[in-house]
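K.L.:
Dropping a structure here in structure tokens format, bear with me for questions.
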Amino acid sequence: MPVPVPRQRETPATESGQAVLHTAAPPASTGAGVAQATPQTTALTLLVIEDDPAGGLTVPEILDADGHRIRLRTARNLTEAERLLTPDVHCILLDLSLPGTGARIPVAAAGAAGAAGAVTATPTATADPQLAVLHQVLRLAPRHAVLVLTDEDDAERAAEAVRVGAQDFLFRDELDGRLLSRAIRYAVERKRADIAQYKLAESKLRAQENARLERGLLPTPLLEGSDLRFAARYRPGRSRALLGGDFYDTVRTPDGTVHAMIGDVCGHGPDEAALGVELRIAWRALTLAGLCGDDLLATLQEVLEVERPCEEIFATLCTVDIAPDGRRAGLCLAGHPAPLISRPGRRARLLPYENSGPALGLLPRARWPRRQVELGGTWSLMLYTDGLIEGRIGEGKERLGQDGMVEMINRHLDRGLSGEGLLEASVTEARRLNGGELTDDVAVVLLSRSEG
């Protein structure tokens, strides 16, 4: 249903939008008159919505803060107002007391301004018809400041107009150029502040939602019934992100085997993070379905080939299957750094990494040998991504590397660190040696077992 608008006069509105309004005479101190200000790109423009500018509202001459005359436009109705509402309009002045603005507007046609964050009340069948027109103006101009003009004895309606969404109200009998100029500037700045506050709140809400989503995508280890202890550290390389292209997981299958994996999708963006989550979930599902070793990695490569955004994307992976007795494990490497093992009374060292296979997504029909490793009775096994070892040490180009990482871990072990403390100290030292935050994603998983 079309929106009823105030009656139209026979004389068409000025096409340029710069309709001439009746203005009060300038103060005597200004002399014969005020010189027309040179148009400025920053000059304020006021759109006045009234049904009869020839004999209705009288707008006093108004100047901006620089002494330039504020440009005026008039619209006879909402249809003309919508046409004249160009981006250079800064403020709208709506006279609630003019004849015609009180025309009732159907509820279905009355909307609320929401695009700029203004909270407005939806008009009801018995709503004040003058405020119903304000609703229409707010709907047409959600990003513009709005002033309402009314009689002094109508203060309650004026206050309600501000609650609905107007930035301020003015009384007709007190209207003068100085007051109107100040009100326009105040309304414009308040609207800008409202929009900025709305965008900030929206940004915070989106960040909170993203944080909750990313935390939910991080894995929960399934180790019920196992005597292994689990610890992990995760630090994405993307600024203000909680999830990167690195991924890890640990599950225990019904036969008592503990399966652990860690992987790294090349790249650091949200697409790589999403692909990492997909690979982790696929790994968990395939592991619980009974696959391991070469069969599991071949299937994961198929998943990667289907889900990756381009053929250049690949992922490295390390999987460890720890036997139910905890004394041995099967190791598969797909282009990934070998895990580190430490035992009481021995120096920590890397597990053998000969005969490792290629990264997932590089070679079709590739194979990934599975190597048996003796763990012993008491041990700690650390899986990590290359973000931990590729940080620089000092101001030169030298990187920490696997050998430097092994030395670092041994120093922390000599201090008696283990579990969460060992991982936290290792990541902190890697950052310190790098001279600041590590640019690559970092994921570290530690599985430990004590015999007896």
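The values are calculated or read from the model by the stated rules, or taken from the named source; none is laboratory data. Keep in mind that this is a model prediction, so the values were computed, not measured. Using ideal geometry, Cβ is built from the backbone for each residue, glycine included, and neighbour counts are taken over all protein chains shown.
K.L.:
Out of curiosity, is ASP153 in contact with a helix residue (DSSP H, G or I) (Cβ under 7 Å, 6 or more places away or on another chain) and modelled with pLDDT under 85?
P.N.:
No; evaluated as a whole, the condition is false for this residue.
K.L.:
Filter the stretch 288-303 for residues that are crowded, with 21+ Cβ neighbours inside 10 Å and in contact with a helix residue (DSSP H, G or I) (Cβ under 7 Å, 6 or more places away or on another chain) and give the result.
P.N.:
LEU296, LEU300 - these are the residues of the stretch 288-303 that are crowded, with 21+ Cβ neighbours inside 10 Å and in contact with a helix residue (DSSP H, G or I) (Cβ under 7 Å, 6 or more places away or on another chain).
K.L.:
Which of (1) at pLDDT 95 or above; (2) in contact with a Leu (Cβ under 6 Å, 6 or more places away or on another chain); (3) surrounded by fewer than 22 Cβ atoms within 10 Å (Cβ to Cβ) is the odd one out, the single condition ALA315 does not satisfy?
P.N.:
(3)
K.L.:
If you scan the stretch 412-426, which residues turn out to be loosely packed, with under 14 Cβ neighbours inside 10 Å and free of Cβ contacts under 8 Å to residues at least 60 places away in the same chain?
P.N.:
ASP414, ARG415, GLY416, GLY421
K.L.:
Then there's this: Looking at (1) farther than 28 Å from GLU224 by Cα; (2) surrounded by 14 or more Cβ atoms within 10 Å (Cβ to Cβ), which one does ALA329 not meet, given that it meets all the others?
P.N.:
(1)
K.L.:
Between VAL277, VAL258, which is in contact (Cβ under 8 Å) with a residue 40 or more places away in the chain, buried (at least 17 other Cβ atoms within 10 Å of the Cβ) and in contact with a Phe, Trp or Tyr (Cβ under 8 Å, 6 or more places away or on another chain)?
P.N.:
Going through VAL277, VAL258 in turn, the sole match is VAL277.
K.L.:
Pairs under 9 Å by beta carbon, first residue assigned by TED's automatic domain parsing to the domain that holds VAL146 in the stretch 79-93, partner among the acidic types (Asp, Glu), six or more apart or different chains?
P.N.:
Once the first residue is assigned by TED's automatic domain parsing to the domain that holds VAL146 and sits in the stretch 79-93, its partners that are among the acidic types (Asp, Glu) give LEU93/GLU50.
K.L.:
Taking VAL146, is it in contact with a strand residue (DSSP E or B) (Cβ under 9 Å, 6 or more places away or on another chain), surrounded by fewer than 21 Cβ atoms within 10 Å (Cβ to Cβ) and in the same structural domain as ILE70 (by TED's automatic domain parsing)?
P.N.:
no
K.L.:
Quick check, is THR316 more than 20 Å from LEU228 (Cβ to Cβ), outside any loop (DSSP other than H, G, I, E, B) and in contact with a helix residue (DSSP H, G or I) (Cβ under 8 Å, 6 or more places away or on another chain)?
P.N.:
Yes.
K.L.:
So which of ARG411, ARG449, ARG370, ARG392 ends up being touching a strand residue (DSSP E or B) at 6+ places or on another chain (Cβ under 8 Å), basic (Lys, Arg) and modelled with pLDDT of 95 or more?
P.N.:
So the residue among ARG411, ARG449, ARG370, ARG392 that is touching a strand residue (DSSP E or B) at 6+ places or on another chain (Cβ under 8 Å), basic (Lys, Arg) and modelled with pLDDT of 95 or more is ARG449.
K.L.:
Scan GLU395, GLU429, GLU390, GLU407 and give me the residue that is assigned by TED's automatic domain parsing to the domain that holds TYR248, over 19 Å from THR250 (Cβ atoms) and without any contact (Cβ under 8 Å) to a residue 12 or more places away in the chain.
P.N.:
Result: GLU407 is the single residue among GLU395, GLU429, GLU390, GLU407 that is assigned by TED's automatic domain parsing to the domain that holds TYR248, over 19 Å from THR250 (Cβ atoms) and without any contact (Cβ under 8 Å) to a residue 12 or more places away in the chain.
K.L.:
Within the stretch 380-418, which residues are among the basic types (Lys, Arg) and more than 24 Å from SER450 (Cα to Cα)?
P.N.:
Correct list: ARG392, LYS397, ARG399.
K.L.:
I would also like to ask the following. Any residue in the stretch 308-323 that's closer than 21 Å to ALA260 by Cβ: show its pairings with residues that are acidic (Asp, Glu) and in a strand (DSSP E or B) at Cβ separation under 9 Å, as long as the two are six or more apart or on different chains.
P.N.:
ALA315/ASP264; THR316/ASP264; LEU317/ASP264
K.L.:
On the given criteria, is PRO369 in contact (Cβ under 8 Å) with a residue 60 or more places away in the chain and surrounded by 14 or more Cβ atoms within 10 Å (Cβ to Cβ)?
P.N.:
Criteria not met by PRO369.
K.L.:
Taking only the stretch 320-345 into account, find how many residues are of a type in the set (Lys, Arg) and in a strand (DSSP E or B).
P.N.:
Count: 1.
K.L.:
Further, regarding this structure: Name the one entry in ALA125, ALA108, ALA158 that is at pLDDT 60 or above and farther than 15 Å from LEU44 by Cβ.
P.N.:
Only one candidate passes the filter, namely ALA158.
K.L.:
Of all the residues that make up the stretch 380-437, how many are out of contact with any Leu (no Cβ under 8 Å at 6 or more places or on another chain) and in a loop (DSSP other than H, G, I, E, B)?
P.N.:
So the answer is 12.
K.L.:
Here are LEU360, LEU375: which of them is under 30 Å from ARG308 (Cα atoms) and either crowded, with 16+ Cβ neighbours inside 10 Å or without any contact (Cβ under 8 Å) to a residue 40 or more places away in the chain (or both)?
P.N.:
LEU360
K.L.:
In the stretch 145-171, how many residues are in contact (Cβ under 8 Å) with a residue 24 or more places away in the chain and in a helix (DSSP H, G or I)?
P.N.:
Total satisfying the criteria: 7.
K.L.:
Looking at ARG182 and the list (1) within 16 Å of ILE70 (Cβ to Cβ); (2) buried (at least 16 other Cβ atoms within 10 Å of the Cβ); (3) more than 33 Å from the chain's Cα centre (by Cα), which single condition is not satisfied?
P.N.:
Going through the list (1) within 16 Å of ILE70 (Cβ to Cβ); (2) buried (at least 16 other Cβ atoms within 10 Å of the Cβ); (3) more than 33 Å from the chain's Cα centre (by Cα), ARG182 breaks only (2).
K.L.:
Against the definition (closer than 30 Å to ASP227 by Cβ and either under 38 Å from the mean Cα position of the chain (by Cα) or not polar (S, T, N, Q) (or both)), how does GLY419 come out, yes or no?
P.N.:
For GLY419, the condition - closer than 30 Å to ASP227 by Cβ and either under 38 Å from the mean Cα position of the chain (by Cα) or not polar (S, T, N, Q) (or both) - is met.
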